[in-house]
Amino acid sequence: MKSFLQILLPLRFLRHLLLLLALFAALFPIAWMASMAFKPMAEWTAASGDLTWLPKAPTLGNFQYIFTGVSDDYPSSTAMEKTAWRPIIASLLVSGIGTLIATIAGTLAAYGFSRFDRGRGLPLVLAQQRLFPPLAVIIPVMIMWAYLDLIDSWWGLALIYGIVTLPFAFWLMLTFLDEVPVELEEAALIEGARPYRVFLRVTLPLVKPALATTLLFVFILNWSDYVLALMLTREQWVTIPVFMNDLNSAQTGQLYGAKAALGLIAIVPPMIVGMLIQKHLVRGLTFGALKQ
Amino acid sequence: MSSIDLIGLGKSFNAVTAVKDLTLSVRDKEFIALLGPSGCGKTTTMNMIAGIETPTTGEIRFNGIDISRIAPNRRNIGFVFQNYAIFTHLSVFENLAFALRVRRLARREIDRRVREIAALMQLSDRLDWPSSRLSVNEMQKLAIGRSAIAEPAIFLLDEPLSNVDAAFRVFMRAELKRIQRTLQQTMVYVTHDQTEAMSLADRIAVLDRGLLQQFDTPAAVYNRPRNTFVARFMGSPAMNLLEGNLVGLNGAMVFEAGAKGRLRLDLGEAERLANAGAKQRILLGIRPEDILLARPDAGEEGLTLPINFIEPIGPRTILHLGDSAAELKVVTGKRVPYRIGEAVKLVMPAERRRYFDPASGLSLDAGGERSGQHGQA
Amino acid sequence: MSAGSESPAVAAATAAAGGGRLADALGPRLTRRIGIATTLPTQLLLIFIIAFPTLVTVYISLTAWTPLDGITWVQAYTSWSWFDNYIEIFQDGRLGGAILRTLFIVAVAVTSEFLLGFGLALLFVDKFAFRPIYYSLFLLPMMVVPAVSGYMFLILFQSTGPINQLISFVTGHPFEMVWLTNRTTATIAVIAADVWQWTPMMFLILLAGLIGVPQDQIKAARLLGASWGQILTRISLPRIRAVIVIAIGIRFIEALKLFDVMFIMTKGGPGVATETLSLYIYKRTFGDLEWAYVAAIGLTIVIVMSLAAIATLSAVRRIKARRAAAA
């Protein structure tokens, strides 16, 4: 049977043409940044007139800069004390712990809601949490964090990350748990197994892929955060996106090459993770309203 | 006029051949069944007639005109899907009206014809209902009505009765015939149920693994199967097929079945088999309901086997006979005064006996119908 | 589900404890305890993040405190000012401007994302060579860290950047627009960045909806004589109405929070040309340090959005009820 765009040859050609154009638009910015990450300073400073698409003289100078603070390619005035190592570790650690917090609390709550009809207000409250711009509610959080001495600490940031992504973990695990038939757990319980054992040995193995999907999905969200890290870190626990702000110099202005290099590193984890959980993205993004 | 001609029709999906070299002609206003087990290519064939699939080889003609280049929405055919494919987001009325709306008919005309069809399908009091609320039986009627309203000359139905309950199935069979006669359509009906095909069709096309086995009237397909596949597929229980040897004995041809006994062939049979070039090994076919039971020591000629299993099914009884496995089945309406383990003599009237070549499976009854690819009944 | 061997009293107690799918197997007391235990961590976290901040916000918003005062927030009562902050909200022209600008940018961006996403989804509905590969590649923009995409587009929209180069190439004339210092083009640049990043999400959701349209119904419609356009309008679109609403709704709400990209690309400039609500709040918070006022704004936003959400939900419920009754 003919497809939406008839199989007549010119139209099939048109479809591929449109797709390639769209693909170009989709990948171009990323490709540009990747190319810029390997360009020497001469090729990306504002002074250079002629911009080239691929680096004429590819170099690792940008990467050298972000990892060591100095670069053969850069003037010495740009030397910085901090390097990107700490922010990378900070991002990994904080995102990881935040993800664990959100997933553990969210999965438990979803289990309680799904199996025991407990916490009936939870879905709504958690969804509502996503309505508000973070900046509108950041002040009391900052005050609270300052009071509890959580500013610029990894556990402080991890905690807020966990809280903020909790709704996603909850909704995602809820839709997955609702799909698991309850008969197996019932059978185990009737045979006398203790409930927590049933949860650990019967339920969790059944939702292993769902758990993995949730962990990865929430991780991307946490890794991508900017505002919260901007507000709640100072020196010690700056994450990657915030650190990119610091890649400036008085003389040369924004160090685009360095930012491109760090940016390139920053987007690789979520892209890989995103590819892995492709199948469930729709479910996560629509709070389970749709499945793929 | 709405005849259908399939000429050398074939369809392959990569390495798999679904339909191979299918040639048959459906006459105007005829009701034919495409019958066969799953995977035999019947649905693929129908999809090709509808235009949902494009043939790999061959031609399809309506009234002699090659329609392979005509888009499915222009072929003016009715199609009823197995799961009905009702537009669940539309009301019953809108479902029925759909074919007319896409042809942009006037509102009053649409209204009149929808009510007409609804009356014919007995759905008049459901017209404003959301179609998802209908029962399965009503959905089926809606599916038929929806296709019938555009008054197509050809109607294709893909196992439409497989989802409805048994009582309704019997009712709908009669209804379908009635509708077909009323609307004067050519109908092609896909089914795997040979009872259904027998009761509905003017002619039956039996398919197996993409190949046409036989295309003939129900009586012919049942009584004069062209090969062992058709013989076994038609009838429930299937036709018995017994291996044996043809030997000459005292000037007559005899069917020799080892310990079970032998049967003398009459002149007519012997002549037919000789003309057909029958070899020594041969398959004897006889329908379970055509076999008569007798005591092993009775005078009539027959084969003797022990009873393996007795299956009473209401007014009739099925006897399974054989040593270890059931080799033969007999269906009888009379009382069965035998027990399991007892040996019984099976009398097989000559006129009900059929013969097949064990190697090719083809029927050796040359004197019977030469029905086959070109469907001349 | 269970053997039904409980007494009516036990059954009633189980129902009172909240029932649930495993309640039968466990009995009311255990059900209750486990139910509480599993939802407790989440509820504690929620109380933690809602209770105290709300109190603080309400408290501060009724004062004129700023950190510059030198006192801690606890002593903010010393500059009590009742509802002055709230009155100021309605008189704040710059806030109004920021809200309008936000609505405008979000409307344009989400509409563009919808149209592009839908068009792309239509291209994807039937199979074609390499479809899975195309699909995966189209999802990539969505995975990019928004802050990084902010930098990407900052670089792209430089006056000596590739976008100008591309336009020069296509039009044949040298094109040296300074995107981010011109009000109109800065807005365009910011919208472009958002559209680039989030069209894939629309595409993803709408495609899932389109594919969900039962193939059989499309075939049936075709055989009943419908053209492809008629199938689109009579079968596909009506069926994915709900999906469209969800996609647009979710994207709209997320877009209102716009901050990362805008902060990095323009910081609201030139002037206030691209100053959205979040940026305005940022400036008042960290620039002017007017925390009391910002607290009032924050609370107002929370109340307004919650009311809007409740109104939408009840409207949806009313529509569903009406539809069920009509059947």
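The values are calculated or read from the model by the stated rules, or taken from the named source; none is laboratory data. Being a predicted model, the structure only gives us computed values, none of them experimental. Quick reminder, even Gly has a Cβ in these numbers, built from the backbone with ideal geometry, and neighbours come from all protein chains shown. Note: areas computed on protein heavy atoms with side chains; ligands, DNA, RNA excluded. Shrake-Rupley method; radii C 1.70, N 1.55, O 1.52, S 1.80 Å.
What does the net charge come to around C:Thr63 if you take all other residues with beta carbon closer than 15 Å to its beta carbon, with K and R at +1 and D and E at -1? Please list the in-between numbers first.
Working: positive: none; negative: C:Asp69, C:Asp84, C:Glu88, C:Glu290.
Net charge around C:Thr63: -4.
Show log10 I(q)/I(0) for the protein assembly as shown at q = 0.07, 0.09 Å⁻¹, two decimals, from a solvent-free Debye sum over equal Cα scatterers.
-0.83, -1.10
What stretch of chain A, leaving out the sites themselves, is the longest with no GluC sites (Glu not before Pro) in a DSSP loop having at most 16 other Cβ atoms within 10 Å?
On the way: sites that count: A:Glu81, A:Glu191, A:Glu235.
The longest uninterrupted stretch comes out as A:82-190.
Counting other C-beta atoms within 10 Å, and keeping those with at most 10, which DSSP coil chymotrypsin sites (Phe, Trp or Tyr not before Pro) do you find in segment C:83-158? Walk me through the intermediate numbers first.
Working: sites: C:Phe83, C:Tyr86, C:Phe90, C:Phe104, C:Phe114, C:Phe118, C:Phe124, C:Phe128, C:Phe130, C:Tyr134, C:Tyr135, C:Phe138, C:Tyr151, C:Phe153, C:Phe157; in loops: C:Phe83, C:Phe128, C:Phe130, C:Phe157.
For chymotrypsin sites (Phe, Trp or Tyr not before Pro) across segment C:83-158 that sit outside H, G, I, E and B with at most 10 neighbouring Cβ atoms in 10 Å, the list reads C:Phe130.
Give the total of Lys-Lys pairs in chain B with Cα-Cα distances below 22 Å; include a pair only if its members are 8 or more places apart or on different chains.
Total qualifying Lys-Lys pairs in chain B comes to 13.
Interface size between chain C and chain A, please: total buried accessible area, 1.4 Å probe, rounded to the nearest 100 Å². Numbers along the way, then the final one.
Details: alone 20340 and 16960 Å², together 27950 Å².
Approximately 9300 Å² gets buried when C meets A.
Would you mind telling me the antiparallel percentage of the DSSP bridges in the protein assembly as shown, rounded to 5?
Values: 60 of 78 bridges.
That works out to approximately 75 percent antiparallel.
Quick check for you: with a 1.4 Å probe and neighbouring chains kept, what is the accessible area per residue of the protein assembly as shown, in Å²?
Working: 43720 Å² over 996 residues.
With all protein chains present, the protein assembly as shown gives 44 Å² per residue.
Which GluC sites (Glu not before Pro) in segment B:104-211 sit in a loop by DSSP (not H, G, I, E or B) and have at most 10 other Cβ atoms within 10 Å of their own Cβ?
On the way: sites: B:Glu109, B:Glu116, B:Glu138, B:Glu175, B:Glu196; in loops: none.
When the GluC sites (Glu not before Pro) of segment B:104-211 are filtered for loop state and at most 10 Cβ neighbours within 10 Å, nothing remains.
Enumerate lysine pairs in segment C:92-289 that are 8 or more residues apart or on different chains, then count those whose Cα atoms are under 19 Å apart. Numbers along the way, then the final one.
Numbers: C:Lys127/C:Lys219; C:Lys257/C:Lys267; C:Lys257/C:Lys283; C:Lys267/C:Lys283.
Within segment C:92-289, the lysine pair count is 4.
Please report the carbon-and-sulfur percent of the accessible area for segment B:4-225; probe 1.4 Å, protein heavy atoms only, DNA, RNA and ligands left out.
On the way: 4300 of 8840 Å².
The computed percentage sits at 49.
Once you have a ≥ b ≥ c as the square roots of the Cα gyration tensor eigenvalues for chain C, tell me rounded if a/c is under 1.5, and otherwise prolate or oblate according to whether a/b is larger than b/c. Write out the running numbers ahead of the final one.
On the way: a/c = 2.25, a/b = 1.06, b/c = 2.13.
In terms of gyration-tensor shape, oblate.
How many Cβ atoms of partner chains, on average, are near each residue of C:307-313 if near means within 10 Å of its Cβ?
Working: counts 0, 1, 4, 2, 0, 0, 2.
Per residue, the number of nearby Cβ atoms from other chains is 1 on average.
Counting only helical runs of four or more DSSP H residues, what would the 222 nm mean residue ellipticity of chain A come to if each run contributes -39,500 (n - 2.57) and the total is spread over all its residues? Walk me through the intermediate numbers first.
Numbers: 14 runs with 183 residues, N = 292.
That comes out to -20000 deg cm²/dmol.
If each of B:Val16 and C:Ile188 carries a label point 7 Å out from its Cα toward its Cβ, how far apart are those two points in nm?
5.3 nm
Name the residues whose placed amide hydrogens come within less than 5 Å of the amide hydrogen of B:Asp21, ignoring near sequence neighbours (fewer than 5 apart) on the same chain.
Answer set, sorted by chain and number: B:Gly10, B:Lys11.
Among residues other than B:Asn137 whose Cβ falls under 14 Å from its Cβ, what is the net charge (Lys/Arg +1, Asp/Glu -1)?
Numbers: positive: B:Arg126, B:Arg133, B:Lys141, B:Arg169, B:Arg173; negative: B:Glu138, B:Asp165, B:Glu175.
Charge balance near B:Asn137 sits at +2.
Residues of segment B:133-160 with the amide nitrogen closer than 13 Å to a label point 7 Å from the Cα of B:Thr182, along Cα-to-Cβ, please.
So the set is B:141-142, B:144-146, B:148-149.
For chain C, which DSSP H helices look membrane-span-like by this rule: Cα extent along the axis of 24 Å or more and mean Kyte-Doolittle of at least 1.6? Intermediate results must be reported in sequence, preceding the final value.
Values: long enough: C:28-61 (45 Å, 1.14); C:93-124 (46 Å, 1.68); C:183-212 (43 Å, 1.29); C:291-326 (52 Å, 1.25).
What comes out of the filter, once short or polar helices are dropped, is C:93-124.
Within 10 Å of each Cβ in A:15-24, how many Cβ atoms from other chains are there, averaged over the peptide? Intermediate values should be presented prior to the final figure.
Numbers: counts 5, 5, 0, 3, 9, 1, 0, 9, 5, 0.
Shielding by partners across A:15-24 averages 4.
For n ≥ 4 DSSP H runs only, could you compute -39500 (n - 2.57) per run for chain B, divide by its residues and tell me the 222 nm figure to the nearest 500? Don't skip to the end; give the middle numbers.
Working: 9 runs with 92 residues, N = 377.
Counting only the DSSP helices, I get -7000 deg cm²/dmol.
Could you compute the net charge surrounding C:Ser149? Neighbours are other residues with a C-beta less than 13 Å from the C-beta of C:Ser149; K and R count +1, D and E count -1. Provide the component values of the computation, followed by the final result.
Working: positive: A:Lys259; negative: C:Asp194, C:Asp260.
Value of the local net charge: -1.
For segment B:240-319, with all protein chains present and a 1.4 Å probe, just round the carbon and sulfur fraction of the accessible area to a whole percent. Mind dumping the intermediate values first?
Details: 2140 of 4160 Å².
Ligands and nucleic acids excluded, carbon and sulfur reach 51 percent.
Under the rule of -39500 (n - 2.57) per DSSP H run of 4 or more residues, summed and divided by the residues of chain C, what mean residue ellipticity at 222 nm is obtained, to the nearest 500 deg cm²/dmol? Please report the intermediate quantities before stating the final value.
On the way: 15 runs with 228 residues, N = 327.
Result for chain C, helices only: -23000 deg cm²/dmol.
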